[in-house]
1. Determine, for each peptide in 119-131, 41-53, the mean count of other beta carbons within 10 angstrom over its residues, then list the peptides with the highest first.
2. Taking 0.36 nm per residue of sequence separation and subtracting the Cα-Cα distance, how much length would be gained by fully extending the chain between residue 46 and residue 4, in nm to one decimal?
3. Multiply the residue gap between residue 194 and residue 170 by 0.36 nm, knock off their C-alpha separation, and tell me the result in nm, one decimal place.
4. What would the Debye equation give as log₁₀ I(q)/I(0) for the chain at q = 0.13, 0.14, 0.18 Å⁻¹, counting only Cα atoms as equal point scatterers?
5. Arrange 8, 184 by Cβ neighbour counts within 10 Å, fewest through most, would you?
6. Using only the Cα atoms of segment 59-116, build the gyration tensor, take square roots of its eigenvalues as a ≥ b ≥ c, and label the shape rounded, prolate or oblate: rounded if a/c is under 1.5, else prolate if a/b is larger than b/c, else oblate.
7. What FRET efficiency, computed as 1/(1 + (r/R0)^6) with R0 = 30 Å and r the Cβ-Cβ distance, is obtained for residue 213 and residue 158, rounded to the nearest 0.05?
8. Tell me what the chain gives for mean residue ellipticity at 222 nm when only DSSP H runs of n ≥ 4 count, each as -39,500 (n - 2.57), the sum divided by the residue total, rounded to 500 deg cm²/dmol.
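What follows is calculated from the coordinates using simple rules that are stated; it is not laboratory data. What you are looking at is a predicted structure, and each value in this text was computed from that prediction instead of being measured. All Cβ positions, glycine included, derive from the backbone under ideal geometry; neighbour counts span all protein chains shown.
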Ligand code: SF4
Ligand code: SF4
């Protein structure tokens, strides 16, 4: 299959994603990271060597309502954006299948392994490989334009596609999120990120009336991008 076909498929899917409400679109070669997928049996992902990463921007004004904890407005927005991402992924998957190829849409927010809090595929890993951002000090995917203020989903596929290059930039001098984390989970080096401390606080927030999800939003609010 030629480069022209791969480019046309890329452009067609990008345009469709944009029409359906996606803010960000990129394609990763996922052949080297397939062993990190939490999908069984392995035959389900055989030949699916491309990861389409779709991002939808969060509302800056809704994030303004997050001061010391997530608000009901933010919780609703978070759920709605996940639904939108899932809808876009389904429509792209349908387009791919109608073109004679395979597509495996991964839900925007779901946990396969509760013990280790792992989803079937790390959307931020695929987003990074697809050139949509880098992993910041907050362990979130940071897009140059929107910072951490976007959510992502992934479609694994075998339709021939042009691929993007990973974004290997970094936070630079910014430390905005380090100071605001209530449990000091964010450190200068993302390798030292205290996942347990973050997870415990998110569990507390999830139990608050009207929240119901492991969300926080405090570090997301200060990570505005525009690098
Ligand atoms: S989500 Fe909340 S608790 Fe977790 S690192 Fe960000 S600010 Fe800290
Ligand atoms: S707020 Fe600054 S330091 Fe934190 S992840 Fe975003 S860019 Fe990096």
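1. Order by mean packing, descending: 119-131, 41-53.
2. My answer for the length gained is 12.7 nm.
3. Answer, rounded to one decimal: 6.7 nm.
4. Treating every Cα as an identical point scatterer, log10 I(q)/I(0) equals -0.76, -0.88, -1.40.
5. 184, 8
6. Oblate.
7. 0.40
8. Per the formula, -10500 deg cm²/dmol.
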